[in-house]
Amino acid sequence: MTHMICGQQHIHAASTGHVERAIDANMVRTDGADEGCVTFVLHEEDHTLGNSLRYMIMKSLSRVVCFYSQDVEFCGYSITHPSESKINFRIQTRDGVAASEPLRSGLNNLTEVCKHVLHTFEARMQAFRDKEEPMS
Amino acid sequence: MFFEWEFSTLYRRKRGITAKMAAPMSNVDEIRDRVILGEFGVRNVHTTDYPGNYPGYDDTWDLEKFKKNFRIDIVNSDENMLEFDMIGIDAAIANAFRRILLAEVPTMAIEKVFVYNNTSIIQDEILAHRLGLVPIKADPRLFEYRNPEDQEGTEIDTIQLQLKVKCTRNPRAPKDSSDPKELYLNHMVYSGDIKWLPIGNQADVFADAKIGPVHGDILLAQLRPGQELDIVMHCVKGIGKDHAKFSPVATASYRLLPEITLLQTIEGEQAERLKRCFSPGVIEIQNVNGRKVAKVVNSRLDTCSREVLRHDDLKSLVKLGRVRDHFIFSVESTGILPADVLVTEAINVLISKCQKFLTELDAAEMD
């Protein structure tokens, strides 16, 4: 399959028999040889960060020049249980790329988008207020 | 002007374009950019423009391309209400901003209620619940979250308020009146009766800021002579995720910009009926060469009720849809912070979430 599978919401991370090892309060990595298929458990998070981060990772740039090949083969998140405040964020990569790479670039891209939105919004609010001033 | 109109209709008829609007979108562009409102369902809902989905389109993330397409237009702004458009962004991120505005922008609200005396008819817990929901005008950015183990509260994380009201009979009431307003004094307890008791150095730090409830006319309880309330309250900083009383917005919502496309010219009596199917101001009847012709003038005002699809002769003449990346946000604040400050804070919360996980990732990589 040459095109990327879009991660749908609420997809269950497939249990592949990997043992999950807790590193710290916020991240859990799978044990095993393949660094490219990782489920990150993000605590105290929900659709707010899950969906926006999934979108940024799915849109992310491929490091390989070939048109059809993308870094990320699969990206999706699921909320394990509504009473528990955590999400399982799954990334599967192609060609042995470490899964933390697209996660890091997704977070960075999302930060850049937010900063740009913030600057644009503040500039427009200022312009709106300046326009209102002489009228009042 | 007559010649211009003649030329343009001849031009259109020659080329087989009969619609009185821009040329119809190609199928692919429509799937990518529009949500279609059909008679029985809504189609093309999900974002599909990921890299590799559409041959011939380069959909990979490009910050410069995003910056070029992105736009914010402020439509309406007053102290508590803000209406603005965000164009060129995806639903995932716009929804993240909306969710953060509702649940993750912190405010101060009454959390602990110490009831020294409550002889009113309102039970303690009911009164405490009502007090918690009263918006408190204190800038949450100047306060810290309280430590979970701390029972007392310090000046940096707590605001102390007092409500002390006693109802008495009015000695100067007329003999045979039955109006409570004349018979009793202090029989209605309003949020305006809540007073601020500064702790520590708060009196100096917040000398000019009037800390107290935003609105003074919220009715909290009713009393009769002999009943009194003597209550001390502690306000702490919290977020809406914990309890809805901490939510800083009356509500924050967005909708997509509606798009109404007329597939044919609609004239005469049909045009009149078409105009009635939409919200007022959306469709206008114009007098073109003696005939009444319908034209879409302002689709933004439409509420997308799809009423036109209920009429058999009109439903095939109109195409209803929404522009997928044009969000009309409406943010109404409860009065604690101005609405534009709330939007700024919400964006900062999302940035700090990302930064938190980036530092976690870096820390994990170190091991």
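For chain B, with all protein chains present and a 1.4 Å probe, just round the carbon and sulfur fraction of the accessible area to a whole percent.
Accessible surface attributable to carbon and sulfur in chain B totals 51 percent.
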B:Y57 versus B:E365, label points 7 Å from Cα toward the beta carbon: distance in nm? 3.3
Heavy-atom surface of segment B:71-140, accessible at 1.4 Å and reported per residue (Å²): 42
For B:L229, the net charge from surrounding residues (Cβ-Cβ under 11 Å; K, R +1; D, E -1) works out to -2
Computed FRET value (nearest 0.05) for B:H243 with B:M188, which takes r as the C-beta separation and R₀ as 35 Å: 0.85
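Between beta-carbons, use under 13 Å as the cut-off and find the net charge around B:V113, counting Lys and Arg +1, Asp and Glu -1.
Residues close to B:V113 contribute a combined charge of -1.
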Burial order of peptide ranges B:234-245, B:58-69 (average beta-carbon count within 10 Å, highest first): B:234-245, B:58-69
One quarter of the convex hull surface, Cα atoms only: what value does that give for chain B in nm²? 32.0
Could you check the spin-label model distance between B:V297 and B:D29? Points 7 Å from the Cα along Cα→Cβ, value in nm. 2.7
To the nearest Å², the heavy-atom accessible area per residue of segment B:279-367 with 1.4 Å probe amounts to 44
Percent carbon-and-sulfur accessible area, segment A:77-131, ignoring ligands, DNA and RNA, probe 1.4 Å: 47
List the residues of segment B:334-363 whose accessible area drops by at least 30 Å² when all protein chains are present, compared with their chain alone, using a 1.4 Å probe and counting only protein heavy atoms. B:D340, B:T344, B:I347, B:L350, B:I351, B:K353, B:C354, B:K356, B:F357, B:L358, B:E360, B:L361
Considering only Cα-Cα distances, which of the following residue pairs are longer than 22 Å: B:K137/B:K164; B:K112/B:K137; B:K68/B:K356? B:K68/B:K356
Per residue, accessible area of segment B:196-239 with a 1.4 Å probe, heavy atoms of protein chains only, in Å², comes to 47
For the pair B:H311/A:E44, report the inter-label distance in nm, with labels modelled 7 Å from Cα in the Cβ direction. 5.6
For the protein assembly as shown, convex hull volume per residue from C-alpha positions, Å³: 259
Please report the buried accessible area for the interface of A with B, total over both chains, probe 1.4 Å, in Å² to the nearest 100. 4800
Would you jot down the residues in segment A:92-114 that end up with at least 50 Å² less accessible area in the complete protein assembly than in the chain alone, with a 1.4 Å probe? A:R104, A:L107, A:T111, A:V113, A:C114
Determine the sum of side-chain charges near B:R322: Lys and Arg each +1, Asp and Glu each -1, restricted to other residues whose C-beta is under 9 angstrom from that of B:R322. +2
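The values are calculated or read from the model by the stated rules, or taken from the named source; none is laboratory data. Please read all numbers here as calculations on a predicted model, not as lab measurements. All Cβ positions, glycine included, derive from the backbone under ideal geometry; neighbour counts span all protein chains shown. These accessible areas exclude ligands, DNA and RNA; they are computed on the full protein's heavy atoms, side chains included. Shrake-Rupley method; radii C 1.70, N 1.55, O 1.52, S 1.80 Å.
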